[in-house]
Amino acid sequence: MKIAKIYLFGVYLSMAPIISTLDKNFAAFAQSTMARRRPDRNYVISQLQYYQTQYNKNGLFKDFLLRLEAFALGMEDSNLLDIAGMVFSKLAKFPTTDEMKEQFLRGGLRIARKQRDPIHILARIVDLKKLYESSGNNNQHFKMLFQEEKALTNIVENFEKAQGSYRTVAKGTASIDKYRLQLARTKVDIAKKLRPCDAYARLIEAKAIFADLCCQKELRFVEKMLSRFS
């Protein structure tokens, strides 16, 4: 079979076999979009929805995922990061294998880091944490908890900057207190998995946040955990 390839600044992006006129049309759409300096986001969204419908009608959902991932990678290679991030986010919401979902989420995380967008970095880390938790990957889940703590700390300590870097215009960010609460809960989740000597500092930090936010239920829980150290 012929392979559709898009040439981007010296890099070939393989898009999977061309097996129909639909494939050729999608390849042409992808090529023209990546050639533009500022593709219209709404137009891209409408076209992707159209192709998703067409591929589904023809029973080619898996083929569509391959082409959509290749499209996202091509947009990333063209430094059209807003579109690439949007497509990776869309890919991660489709019903697919855990392995593919992880690949899509890590693609979205990579884009968010390139854009230095702390709030989207946090969102993708949380998505990965939940994926690893549901799949029973305890080692990766534990790693994501530490990354979540780091991302939340960055947002809380640099909240105005994080707000200014947020790449989604459709909705605003949560309040700083919501991020502080999430940070405290993450510290508790980490502390549950650490040795007592390593858990203590995080529990003290979480307690201070819960007290400041008047979260009495969480505060009592942490105090109960801390009572084991006395």
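The values are calculated or read from the model by the stated rules, or taken from the named source; none is laboratory data. All values derive from a computational prediction rather than experimental measurement. As a convention, Cβ positions derive from the backbone with ideal geometry for all residues, glycine included, and neighbour counts pool all protein chains shown. With ligands, DNA and RNA removed, areas are computed over all heavy atoms of the protein, side chains included. Shrake-Rupley method; radii C 1.70, N 1.55, O 1.52, S 1.80 Å.
Just need a number here: residues in region 209-230 that are open to solvent by less than 70 Å² (accessible area, probe 1.4 Å) and touching a residue at least 24 places away in the same chain (Cβ under 8 Å).
The qualifying residues number 8.
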From the list Val126, Val156, which one is surrounded by fewer than 20 Cβ atoms within 10 Å (Cβ to Cβ) and in contact with a Phe, Trp or Tyr (Cβ under 8 Å, 6 or more places away or on another chain)?
Val156
Failed condition for Glu149, given (1) part of a helix (DSSP H, G or I); (2) of a type outside the set (S, T, N, Q); (3) open to solvent by 40 Å² or more (accessible area, probe 1.4 Å)
(3)
Residue list for region 62-95, filter: open to solvent by less than 40 Å² (accessible area, probe 1.4 Å), not in a helix (DSSP H, G or I) and not small (Gly, Ala, Ser):
Leu80, Phe94
Just the residues that are modelled with pLDDT under 90, within 15 Å of Lys90 (Cα to Cα) and open to solvent by less than 60 Å² (accessible area, probe 1.4 Å), please, taken from region 34-61.
Phe61
Within the set of pairs 6+ apart or on separate chains, which have a first residue in region 101-116 that is of a type in the set (S, T, N, Q), a second that is modelled with pLDDT under 95, and C-beta atoms under 8 Å apart?
Gln103/Glu69; Gln115/Leu81; Gln115/Asp82; Gln115/Gly85; Gln115/Ser165; Gln115/Arg167
